[in-house]
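Student: Mind having a look at this structure? Questions to follow.
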Amino acid sequence: MSRSPLAVKLVAAAALIVMAAVPWFASGFFVMMCIRVMYFGMLSMSLVFLAGQLGMVSLMQASFFGIAGYFVAILQTRYHLPFPIPPLAGLAAAVVAAALFGLLAIRTKGVYFLMLTLVLGQLTWALASQWASVTKGDTGITNVQAPIVFGYSAEKSQTVFYFFQLTFFLATAWLLNALKRSAFGLMLRGVRDSETRMAMLGYPVAALRYVAFIFAALAAAVGGVFFTYFTRLINPHAVSLTANVETLLAGILGGINSLFGAVLGTVILKTLDVVLSGVTKRYLLIMGSMFLLVIMFAPQGLVGSTRKYWHGLVNRVLDLFGPKVGRPGTKASIETETTNSSPNH
C-alpha cells in the first residue's frame, strides 16, 4: 500500500514540532536521553544504510564514530584549536579512514565482509588502547568542551546542545534518506539483489559500494563528534567490539531496512539499558532474551513487522467491508487490467 505524500508530510511536521518542544516541556534527564539517542542513532543509521541498501553488515562503524571523536579531543585538548576546526578535522579523518579501509572492504561480500570489518574494527580498537602517548590508553582523553554556537554555549546549556545536535541529526537522516530514494540508492539495491546482473549492465559495482561505504562512515562520524562533546571524553570503549555489536543489535531490533527502525532500536536499547541496569544485575540476560524473541517472531524488526501486520490488517478489513474493484492483487483488479489491456479496448 502506498503512503499519501500529504500524510507523510503531516507526520514529519508533527515529529519536528514534538522534537523542537522537548527541551521546553521535558525533564533534564529526558533531554539527556534524547541527546544520547541522537548520537547513537546516527551510528545505527550508518550501519542500517549499508545493510539495508547493499546487504553489507559492518562490524566497524564504531571505528569511524571513535576516529572522529579522537580527533576532536586531541585537537582541542592538546593543540587548543578553535571551533569548528576540530570537528571538521574529525569528520575528514573518518572519511579518509573509510576511503582506505573501503579499498579492502569492497573486495569482499557476505560473511567475508563481516569478518573483514570485524578485523579492521579490532585493529582500530587495539590502536586506541595501545597508542597511549596519543590516545592516553584505556583512560581516554577527558575535559573535552562543547563549543560556543552563535554566541550560545553548548557546554553550559543542555538546551543549546540539544538543538545544536538536533540540526545535524536531522541533516544526517535527511541525507541518508535522500540517498536511499535517489537513483544512487536504486543502483545500490540493484547491486544488493544481483551484483552480477548490474555488472553486466555496465554499472560500476565496486565504485557504488565504495561510495556507499564512505557515506555510511560519514554518518557515524557525525555521531562520534557529538558523543565526544556531550560526554566530554573519548576512550577505546567507543570503538570496541561491544559498541559495534550494540549498534548491530539496535538495527536488528528496529528493522535493518529502515532508518527510522535504526533510531527506534536505539531508543529501546538505550532506555532498557538505563532502566534494567538499575533494577537487576542480570539485565543483559533479559535483553538477550528479548532479542531472541525479536529474531524468532519479528525477523524484519519492529518497524518491518509492524508495517507488515498493519497492511495485512487493513487488507482484511477492506476484504470484509471495502470495495474490491481496483485493489491491487484482487481477482476483480486482475480481470479489470486484463480487460483494459485487450486489443478490443
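Here, each number is a calculation from the coordinates, and none is a lab measurement. Because the structure is a prediction, the values reported are computed rather than measured. So basically every Cβ, Gly included, is an ideal-geometry build from the backbone, and we count neighbours across all protein chains shown.
Student: What residue among Ala51, Leu302, Leu81 has its Cα farthest toward the positive end of the dipole of the chain, where the charges are +1 on Lys, Arg and -1 on Asp, Glu, each on the Cβ?
Tutor: Of the candidates, Leu302 comes out farthest on the positive side.
Student: Note the angle between two axes, namely the Cα long axis of helix 205-231 and the longest principal axis of the Cα atoms of the chain, as a number of degrees from 0 to 90, rounded to the nearest 10.
Tutor: Computed tilt is about 50 degrees.
Student: Specify the longest stretch of the chain that does not include any exposed loop site, a site being one of the chymotrypsin sites (Phe, Trp or Tyr not before Pro) with a non-H, G, I, E, B DSSP assignment and at most 15 other Cβ atoms within 10 Å.
Tutor: With chymotrypsin sites (Phe, Trp or Tyr not before Pro) excluded where exposed in loops, the chain gives 151-345 as its longest stretch.
Student: So, one more: Can you give the angle from 0 to 90° between the axis of helix 61-77 and the longest principal axis of the chain, with both taken from C-alpha atoms, to the nearest 10?
Tutor: 30
Student: Tell me, what is the percent relative contact order of the chain, built from C-alpha pairs under 8 Å that lie six or more residues apart?
Tutor: 27
Student: What are the ³J(HN,Hα) couplings of the range 261-269, residue after residue, when phi is run through the Karplus curve with 6.51, -1.76, 1.60 and θ = phi - 60°? Round to Hz, x for glycine and proline.
Tutor: So the J values, rounded to whole Hz, are x, 4, 5, 4, x, 5, 4, 5, 4.
Student: Helix 28-54 versus the longest principal axis of the chain: what angle, 0 to 90°, nearest 10, using Cα atoms?
Tutor: 60
Student: Additional query: Within the chain, what is the longest stretch that has no trypsin sites (Lys or Arg not before Pro) placed in a DSSP loop and near at most 13 other beta-carbon atoms within 10 Å?
Tutor: After excluding every exposed loop site, the longest remaining stretch is 157-280.
Student: Mark the label point 7 Å from the Cα of Ser305 along Cα→Cβ and return the residues of the range 274-295 whose backbone N is within less than 11 Å of it.
Tutor: Of the residues in the range 274-295, 290-295 have backbone N under 11 Å from the label point off Ser305.
Student: Label Ala21 and Tyr79 with points 7 Å out from Cα along Cα→Cβ: what is the distance between them in nm?
Tutor: Result: 4.5 nm between the two label points.
Student: Which of the following values of volume of the Cα convex hull per residue in Å³ was calculated from the structure shown: (i) 130; (ii) 141; (iii) 185?
Tutor: The listed entry that was calculated here is (iii).
Student: Where the centroid of each part is defined by its Cα atoms, how far is the range 75-116 from the range 189-249 in Å?
Tutor: Using only Cα atoms to place each centre, the spacing works out to 10 Å.
Student: Can I ask one more? Taking the Cα centre of the range 23-240 as origin and charging only Cβ (+1 Lys, Arg; -1 Asp, Glu), how large is the dipole, in debye to the nearest 20?
Tutor: Roughly 280 debye, rounded to the nearest 20.
Student: Using the beta-carbon distance between Arg107 and Asp138 and R0 = 30 Å, what value does 1/(1 + (r/R0)^6) give for FRET efficiency, to the nearest 0.05?
Tutor: So the FRET efficiency works out to roughly 0.35.
Student: Per the helix-only calculation at 222 nm, which mean residue ellipticity applies to the chain, given -39500 (n - 2.57) for every DSSP H run of n ≥ 4 and division by its residues, nearest 500 deg cm²/dmol?
Tutor: The helix contribution divided over the chain gives -25000 deg cm²/dmol.
Student: Please state the shape class of the range 25-127: rounded when a/c is under 1.5, otherwise prolate if a/b exceeds b/c and oblate if not, all from the C-alpha gyration tensor.
Tutor: Verdict is oblate for the range 25-127.
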